[in-house]
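Novice: Below you will find the structure I want to go over with you.
The values are calculated or read from the model by the stated rules, or taken from the named source; none is laboratory data. As the structure is a prediction and not an experimental result, all values here were calculated from the model. Glycine gets a Cβ as well: all are built from the backbone with ideal geometry, and neighbour counts include every protein chain shown. Surface accessibility is based on the protein's heavy atoms, side chains included, excluding ligands, DNA and RNA. Shrake-Rupley method; radii C 1.70, N 1.55, O 1.52, S 1.80 Å.
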Amino acid sequence: MLKKLKIITYGCQMNVADSQRMAARLETIGYAPTDEFADADLILINTCSVRDSAEEKILGKIGELKQYKRRKPSLIIGVTGCMAQKEGDALIERAPHVDFVLGTGRQTELIKIVRLLESFHRHIVDVEGMSDPIVEELYTPRGTHSAFIPIMYGCNNFCTYCIVPHVRGRERSRQPQDIIREARAAVDNGTVEITLLGQNVNSYAHGFPQLLTEISRLDGLKRLRFMTSHPKDLSDELIEVMASEPTICEHLHLPVQHGSDRLLQRMNRGYTVERYRRLVEKLRAAIPNIALTTDLIAGFPGETDDDVDRLLEFVREIRFDAAFTFIYSKRSGTPAATFDDQIDDRIKHERLERLMAVQNKISREINDRLAGSTVEILVEGASKSDEKIFSGRTRTNKPVLFRHGDERAGDLIRVRITQPQTWLLKAERVE
Ligand code: SF4
């Protein structure tokens with residue numbers, strides 16, 4: 001009998017990729033996806049732990065699921081991902097209607113655990129093996145024009161504000177032949193864009209520039225992207241490969257986090273503002289139309305007015321196409337959470353607003369320069385707000401909205417930019 005699976009995914013692309021893999025595993029024991037909680041025989045919540053607000057939201061959702069368990073006592077509820085890894089038993093104590101908690105290094109145990117719970121009602125918590133060697137499985141991304149393929153797991157950088165190394169373990173890299181086989185299979189199944197994933201792809205253990213080159217030359221692949229890069233080990237070789245391989249898109253997400261050397265040191269980022277500046281110069285010299293995006297933190301412990309001035313000055317100087325701006329969020333278990341010079345919430349918000357105002361002005365100026373130009377976009381599908389409006393993405397990773405004609409997701413089309421905005425571009429199809 002066909003059983004129904006409902007997966008809710010929070011957080012980053014890595015979690016999206018993990019959820020796709022878990023769904024594929026469960027399909028092998030008869031679970032088909034459903035969008036309806038009430039229809040589900042198994043509900044999986046794949047969690048994120050990057051900020052307090054994310055965890056609060058997830059705990060709220062877990063609480064909501066109690067009603068479905070009451071209506072269908074045979075329903076199995078599982079929690080996976082970074083919050084599962086961090087909380088373990090505490091999640092069951094807090095929400096006894098949850099049947100199992102599976103850590104980030106244990107997703108290959110999923111089938112065994114679900115099989116067990118189909119027969120016996122009991123609580124299972126397994127958060128061991130966070131840094132265990134990768135168990136490679138045959139997995140093929142299917143039916144998607146754009147596929148996310150993890151190349152490594154974990155992180156060894158221990159930035160003082162970040163929970164990832166504590167919930168995703170030490171760096172472990174997949175074998176190149178396994179990644180290439182998966183990419184090949186994805187393209188054979190209709191994928192035209194691949195994004196290679198890792199907390200820090202530059203420290204991939206088996207030569208990232210070589211892997212990128214091999215995948216970029218796969219027949220049928222139109223676009224290749226990767227994230228996330230760490231400035232401390234972005235190599236000249238990688239920049240050369242980005243400049244020479246036409247399939248690799250002209251966009252790099254390179255988190256800088258701050259513009260003050262004093263704070264970069266307190267964050268344990270491992271580079272200086274000057275090092276980052278030189279990297280940007282090299283990238284723009286090698287790939288003139290490259291789009292650069294970044295992550296920025298406001299309100300890190302000990303941040304002074306002078307640090308904020310340096311941050312704003314740096315953002316004005318580099319002129320990122322876009323930036324994900326965050327308020328520092330204290331994460332228990334990270335060194336920065338113990339720093340005694342925490343910044344008051346009101347001041348954090350004021351600084352974030354100033355930072356966003358500076359960055360938004362630059363993003364708008366950069367997008368305004370695209371008015372009237374014709375660009376290629378990869379069609380993604382109907383926009384969330386209006387099915388007559390479709391969305392797509394430029395090679396420089398800018399979101400584009402256009403009035404739908406006969407385009408389908410996965411089509412590469414040319415559009416003329418008619419109305420630039422701060423965060424997206426409005427356009428019309430060019431026949
Ligand atoms: S590089 Fe730093 S911020 Fe990124 S995942 Fe690793 S520890 Fe976290």
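Novice: Within the stretch 196-222, track down each residue that is of a type in the set (A, V, I, L, M), within 16 Å of the ligand (Cβ to nearest atom) and closer than 22 Å to residue 393 by Cβ. Explain how you work it out, then say what you get.
Specialist: Taking the stretch 196-222 as the starting set, the residues that turn out to be of a type in the set (A, V, I, L, M) are 196-197, 201, 205, 211-212, 215, 218, 221.
Now drop any that are not within 16 Å of the ligand (Cβ to nearest atom), which leaves 196-197, 201, 205.
Scanning the stretch 196-222 gives 196, 197, 201.
Novice: Just to verify a result, which residue in the stretch 385-414, among those that are basic (Lys, Arg) and open to solvent by 40 Å² or more (accessible area, probe 1.4 Å), is farthest from residue 292 (Cα to Cα)?
Specialist: Let us first name the residues in the stretch 385-414 that are basic (Lys, Arg), namely 388, 393, 395, 398, 403, 408, 414.
Still in the list and also open to solvent by 40 Å² or more (accessible area, probe 1.4 Å): 388, 393, 395, 403, 408, 414.
On the way: 388: 31, 393: 15, 395: 12, 403: 27, 408: 28, 414: 22 Å.
Once the filter is applied, the top-ranked residue is 388.
Novice: Select, from 316, 284, 225, 278, the only residue that is under 23 Å from residue 352 (Cβ atoms), away from the ligand (no atom under 16 Å from the Cβ) and not assigned by TED's automatic domain parsing to the domain that holds residue 393.
Specialist: Working: 284 fails: under 23 Å from residue 352 (Cβ atoms); 225 fails: under 23 Å from residue 352 (Cβ atoms); 278 fails: under 23 Å from residue 352 (Cβ atoms).
Every option except 316 fails the conditions.
Novice: A follow-up question, please. Given (1) surrounded by fewer than 19 Cβ atoms within 10 Å (Cβ to Cβ); (2) within 16 Å of the ligand (Cβ to nearest atom); (3) among the hydrophobic types (A, V, I, L, M, F, W, C), identify the lone condition not met by residue 163.
Specialist: With respect to (1) surrounded by fewer than 19 Cβ atoms within 10 Å (Cβ to Cβ); (2) within 16 Å of the ligand (Cβ to nearest atom); (3) among the hydrophobic types (A, V, I, L, M, F, W, C), residue 163 is out only on (1).
Novice: Here's a follow-up. Is it the case, given these coordinates, that residue 309 is of a type in the set (Asp, Glu) and within 16 Å of the ligand (Cβ to nearest atom)? Full working, then the answer.
Specialist: Values: of a type in the set (Asp, Glu): yes; within 16 Å of the ligand (Cβ to nearest atom): no.
When the stated conditions are applied, residue 309 does not pass them.
Novice: Taking residue 119 as the residue in question, decide whether it is open to solvent by less than 30 Å² (accessible area, probe 1.4 Å), free of Cβ contacts under 8 Å to residues at least 40 places away in the same chain and of a type in the set (Gly, Ala, Ser). Show your work before the answer.
Specialist: On the way: open to solvent by less than 30 Å² (accessible area, probe 1.4 Å): no; free of Cβ contacts under 8 Å to residues at least 40 places away in the same chain: yes; of a type in the set (Gly, Ala, Ser): yes.
The answer is no for residue 119.
Novice: Looking at the stretch 186-193, can you tell me whether even one residue there is surrounded by 18 or more Cβ atoms within 10 Å (Cβ to Cβ), within 16 Å of the ligand (Cβ to nearest atom), among the acidic types (Asp, Glu) and modelled with pLDDT of 95 or more? Talk me through it step by step, then tell me what you get.
Specialist: Of the stretch 186-193, the ones surrounded by 18 or more Cβ atoms within 10 Å (Cβ to Cβ) are 186-187, 191-193.
Right, trim to within 16 Å of the ligand (Cβ to nearest atom) and you get none.
No, the conditions are met nowhere in the stretch 186-193.
Novice: Further, regarding this structure: Report, by residue number, each residue of the stretch 228-269 that is acidic (Asp, Glu) and either modelled with pLDDT of 95 or more or away from the ligand (no atom under 16 Å from the Cβ) (or both).
Specialist: First pass over the stretch 228-269, keeping only residues acidic (Asp, Glu): 233, 236-237, 240, 245, 250, 261.
Scanning the stretch 228-269 gives 236, 237, 240, 245, 250, 261.
Novice: Would you pick out the residues in the stretch 99-113 that are open to solvent by less than 10 Å² (accessible area, probe 1.4 Å) and touching an Asp or Glu at 6+ places or on another chain (Cβ under 9 Å)?
Specialist: Taking the stretch 99-113 first, the residues open to solvent by less than 10 Å² (accessible area, probe 1.4 Å) are 99-103, 110.
Scanning the stretch 99-113 gives 100, 101, 102, 103.
Novice: Next question. What number of residues within the stretch 166-182 satisfy the criterion of being without any contact (Cβ under 8 Å) to a residue 60 or more places away in the chain, open to solvent by 30 Å² or more (accessible area, probe 1.4 Å) and within 16 Å of the ligand (Cβ to nearest atom)?
Specialist: 3
Novice: Shifting gears a bit: Name the residue that is surrounded by the fewest Cβ atoms within 10 Å (Cβ to Cβ), counting only residues in the stretch 149-160 that are closer than 30 Å to residue 139 by Cα and more than 6 Å from the ligand (Cβ to nearest atom).
Specialist: Looking at residues that are closer than 30 Å to residue 139 by Cα and more than 6 Å from the ligand (Cβ to nearest atom), I get 156.
Novice: So, of the residues in the stretch 40-98 that are assigned to a strand (DSSP E or B) and of a type in the set (Gly, Ala, Ser), which turns out to be surrounded by the most Cβ atoms within 10 Å (Cβ to Cβ)?
Specialist: 81
Novice: If I go through the stretch 243-268 residue by residue, how many of them are over 15 Å from residue 224 (Cβ atoms), assigned to a loop (DSSP other than H, G, I, E, B) and touching a helix residue (DSSP H, G or I) at 6+ places or on another chain (Cβ under 7 Å)? Break it down stepwise before answering.
Specialist: Taking the stretch 243-268 first, the residues over 15 Å from residue 224 (Cβ atoms) are 254-268.
Among the residues that remain, those that are also assigned to a loop (DSSP other than H, G, I, E, B) are: 254-256, 258-260, 267-268.
Now narrow it down to the ones that are touching a helix residue (DSSP H, G or I) at 6+ places or on another chain (Cβ under 7 Å): 254, 256, 258-260.
Of the residues in that region, 5 qualify.
Novice: Another question, then. Has the stretch 334-343 got at least one residue that is assigned by TED's automatic domain parsing to the domain that holds residue 232, open to solvent by 70 Å² or more (accessible area, probe 1.4 Å) and away from the ligand (no atom under 15 Å from the Cβ)? Write out each step before concluding.
Specialist: Step one: of the stretch 334-343, the residues assigned by TED's automatic domain parsing to the domain that holds residue 232 are 334-343.
Add one more test, that the residue is open to solvent by 70 Å² or more (accessible area, probe 1.4 Å), and what stays is 338, 340.
In the following step, the residues that additionally are away from the ligand (no atom under 15 Å from the Cβ) were identified as 338, 340.
Yes.
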